[in-house]
Amino acid sequence: MQYRHLGRSGLSIAPVVFGGNVFGWTADEQTSFKLLDAFFDAGYNAIDTADVYSRWVEGHVGGESETVIGKWLKTGHVARDKMVIVTKVGMDVGQGKIDLSAKWIIEEVENSLKRLQTDYIDLYLSHTFDADTPHEETLSAYAKLKEQGKIRSVGCSNFDAGQLQASFDTATHAGLPAYDVIQPEYNLYTRDRFEGPLADLCIKENIGVISYYALAAGFLTGKYRKAEDTHGKARSYRVGDYLNEKGHAILAALDTVAKETGTTPATVAIAWVAARPGITAPIASATSLSQLDAMIKAGNLALTKEQMDLLNTAGA
């Protein structure tokens with residue numbers, strides 16, 4: 001497996017990142033441990049999580065995913081220096097607002113480190129844009145944490161091209177560390193949140209891109225073909241948005257390419273993202289070993305130009 005350089009961060013990652021939003025939510029602790037063991041045994045090395053995962057579940061407060069990952073780290077199945085841990089800060093986890101203030105970042109990184117049971121975070125992301133906090137304040141907090149060795153690199157998630165450019169301008173003007181990585185939503189169905197000005201800027205500035213929702217909340221696995229298929233599912237509120245003419249055209253293209261490659265629609269959908277210009281690695285989640293197998297195979301699947309063209313057209 002060929003690892004990829006994650007922009008200017010100095011980090012190298014395998015072509016698929018494990019989305020840890022499921023840990024402590026739709027994957028219990030025991031299942032999460034098995035999935036992580038198998039993922040790393042297959043040669044992959046990066047996990048994505050956030051302090052807010054999974055606050056949306058009744059009875060949860062946020063941090064459940066980081067806690068599960070921390071407990072798994074302590075099993076010693078993989079040496080800490082052989083993995084890349086990505087986590088995020090800035091969403092409301094009880095403070096009542098989006099918050100990228102220096103005070104909150106300095107406080108919350110300690111909570112994430114404690115939950116993860118590690119001394120450092122490889123990649124720390126601003127989870128979303130905070131209109132009330134200047135870029136300089138946020139980047140200054142990250143500079144302090146980098147100096148202390150608590151984080152290695154910094155990035156952002158859900159920024160548009162204008163917001164990202166403004167952060168670069170601030171970093172240059174103030175002599176602060178710029179974002180090395182961005183995490184946008186991107187998949188065969190949802191392309192406009194990355195393609196265009198944001199993708200162009202990332203390529204120009206050599207920014208690493210680890211995109212999320214590679215499987216469009218599970219829709220691109222092909223298991224949701226009609227409305228009744230979503231009943232009782234954890235992400236049914238999102239999947240319904242894809243059940244239209246465009247969505248069905250994408251599923252048909254995925255079915256064709258999956259048959260040609262002897263894989264599954266999920267594997268093809270992830271491989272498509274991984275092959276797109278500007279993308280370092282997509283994030284995908286799994287709650288079973290069979291789902292994980294689709295992710296693992298995606299990292300080794302090379303789609304032909306004809307297959308990419310078919311998928312591009314369906315998702316245009």
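Using amide H atoms built in the peptide plane, which far-off residues or other-chain residues are under 5 Å from ALA27 H to H? Under 5 Å from the amide H of ALA27 lies no amide H from a residue far enough along the sequence or on another chain. Taken as Cα centroids, the stretch 1-63 and the stretch 126-197 sit 20 Å apart, rounded to the nearest whole angstrom. Return the percentage of antiparallel bridges among DSSP beta bridges fully within the stretch 4-183, rounded to the nearest 5 %. Close to 10 percent.
Loop-located trypsin sites (Lys or Arg not before Pro) in the stretch 1-70 (DSSP state other than H, G, I, E, B) with a sparse environment of at most 10 neighbouring Cβ atoms within 10 Å are absent. Set the Förster radius R0 to 30 Å, insert the Cβ-Cβ distance between LYS97 and GLU58 as r into 1/(1 + (r/R0)^6), and round the FRET efficiency to 0.05. In this case the efficiency is close to 0.90. Where does the Debye-calculated log10 I(q)/I(0) of the stretch 74-214 sit at q = 0.09, 0.12, 0.15, 0.22 Å⁻¹, using only Cα point scatterers of equal weight, no solvent? After summing over all Cα pairs, the log10 values are -0.27, -0.49, -0.76, -1.43. In vacuum, with every alpha carbon of the stretch 253-316 counted as one equal point scatterer, what does the Debye formula give for log10 I(q)/I(0) at q = 0.15, 0.25, 0.27, 0.29 Å⁻¹? Two decimals, please. After summing over all Cα pairs, the log10 values are -0.41, -1.10, -1.24, -1.36. Each Lys and Arg adds +1 at its Cβ and each Asp and Glu adds -1 at its Cβ; summed about the Cα centre, the chain shows a dipole of about 640 debye. Once C-alpha pairs closer than 8 Å and six or more residues apart are averaged by separation and normalised to the residue number of the stretch 4-183, the relative contact order reads 19 percent.
The modelled label-to-label distance for the pair ALA227/THR128, using points 7 Å beyond Cα in the direction of Cβ, is 2.8 nm. Think of it as helices only: each DSSP H run of n ≥ 4 in the chain is worth -39500 (n - 2.57), and spread over all residues that comes to -12000 deg cm²/dmol at 222 nm.
The rule of thumb for compact globular proteins, 2.2 N^0.38 Å, goes into the C-alpha radius of gyration of the chain 0.96 times. With a point put 7 Å past each Cα toward its Cβ, work out how far ASN312 is from GLN2 in nm, to one decimal. It works out to 1.9 nm between the two label points.
We did not get these values from a lab; they are worked out from the coordinates using the rules stated. Since the model is a prediction, treat every value here as computed from it, not as a measurement. Note: ideal-geometry Cβ built from the backbone for every residue, glycine included; neighbour counts use all protein chains shown.
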